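*Asks:* If you scroll down you'll find the structure; I have some questions about it.
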Amino acid sequence: MESIDPAGFSASRVAPDCCFGDAPDIIDVDNMTPAAGGNEFIGAVRGHAGISKCRRSRSLPATRGEVGYAALDAGATDSRTKPVDKREVVAPIRKMTPLRHGQKPLAGRAALLAEEGTAASETTVEREHETIFRLAKAAG
């Protein structure tokens, strides 16, 4: 798959720094995540503004039970059972990567428009204050 640069981590404490610094397109958390931090990591990612819309998947053993439900409650967008079928992983990545690549420029554009709207509102308020001041001065 083109334009995909995977990053793997063997320690769940290191991954957030990388994810929060450079927003990923897709996150896959394995059930073997050390220090039982997989669902906590998913929850932290879900709450982070820069990557909250990123697809978050959790790979779990066939007897996933409550761990799988906890992953979904923490913010995983889906989960899959091990052994993982390659097609089960590749198909969503092929579909979600172009979508995510389209979302990033739109988010930047939205932020720019918000800044421009704020600046325009501030200019309007300043003009209104000046107009009121001049009218009060002319009436007085």
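*Asks:* Does the range 83-140 come out rounded, prolate or oblate by the C-alpha gyration tensor, with a ≥ b ≥ c the root eigenvalues, rounded set by a/c under 1.5 and, if not, prolate when a/b is larger than b/c and oblate if not?
*Replies:* Prolate shape, in that a/c is at least 1.5 and a/b is the bigger ratio.
*Asks:* In whole Hz, with x marking every Gly and Pro, tabulate ³J(HN,Hα) for the range 71-83 from phi via Karplus 6.51 cos²θ - 1.76 cosθ + 1.60, θ = phi - 60°.
*Replies:* 5, 5, 5, 6, x, 5, 7, 6, 9, 9, 9, 7, x
*Asks:* Scale the Cα Rg of the range 15-139 by the rule-of-thumb value 2.2 N^0.38 Å and send over the ratio, two decimals.
*Replies:* The range 15-139 yields a ratio of 1.67.
Every number in this text was worked out from the coordinates using simple rules, so none of it is lab data. Everything numeric in this text was worked out from a predicted model, so none of it was measured.
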